[in-house]
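Notes to accompany the following structure.
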Amino acid sequence: MTSDKHEIEEQLVEQARRAIHKLLSDLPDANNLTLSDMEKLTGVMGQQVMQETLQKLSETQQTEEPEKVMCPTCEAKMQKRGKRKKRILTARGEIEMERQYYVCPVCKTGHFPPG
């Protein structure tokens, strides 16, 4: 797990490096730069780094698939339909996760189980 954490750290540092590079390349001429400009640019950069960090951590923390998933509507055993991407709104913005998708053969309800 330590090597996994080291690899994640390297990826996050590289993401932050790219965000900082973009911030610096987007800076207007120093003569026209206001404190409000700096605050806005660093806020955008911070949001981007936070979003990418959350995305990366969510990818690394996905749990194993459950042996069986029961339909939350009718409680029948659901069937796998392959992995699908789902956009999830978090307290810090939207991220995209790829997880196993299930469909109930009885009531046809689709479901992404927690995880």
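The values are calculated or read from the model by the stated rules, or taken from the named source; none is laboratory data. Worth saying up front: this structure is predicted, and the values here are computed from it rather than measured. Note that we place each Cβ from the backbone using ideal geometry, even for glycine, and neighbour counts take in every protein chain shown.
Key figures for this structure:
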| quantity | calculated |
| --- | --- |
| Test for Leu57: is it exposed (fewer than 13 other Cβ atoms within 10 Å of the Cβ) and more than 18 Å from the chain's Cα centre (by Cα) | no |
| The stretch 59-106: number of residues that are farther than 30 Å from Gly43 by Cα and either touching a helix residue (DSSP H, G or I) at 6+ places or on another chain (Cβ under 8 Å) or part of a loop (DSSP other than H, G, I, E, B) (or both) | 17 |
| Single unsatisfied condition, Gly43 versus (1) modelled with pLDDT under 85; (2) under 22 Å from Thr90 (Cβ atoms) | (1) |
| In the stretch 55-91, the residues that are under 14 Å from Tyr102 (Cα atoms), of a type outside the set (Lys, Arg) and at pLDDT 80 or above | Val69, Met70, Cys71, Pro72, Thr73, Cys74, Glu75, Ala76, Met78, Gln79, Gly82 |
| Selection from the stretch 11-24 of residues that are at pLDDT below 85 and loosely packed, with under 12 Cβ neighbours inside 10 Å | Leu24 |
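Rundown of residues vs (1) over 26 Å from the mean Cα position of the chain (by Cα); (2) exposed (fewer than 11 other Cβ atoms within 10 Å of the Cβ); (3) not assigned by TED's automatic domain parsing to the domain that holds Met97, yes/no style:
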{"site": "Ala30", "(1), (2), (3)": "yes, yes, yes"}
{"site": "Gln48", "(1), (2), (3)": "no, no, yes"}
{"site": "Glu52", "(1), (2), (3)": "no, no, yes"}
{"site": "Lys80", "(1), (2), (3)": "no, no, no"}
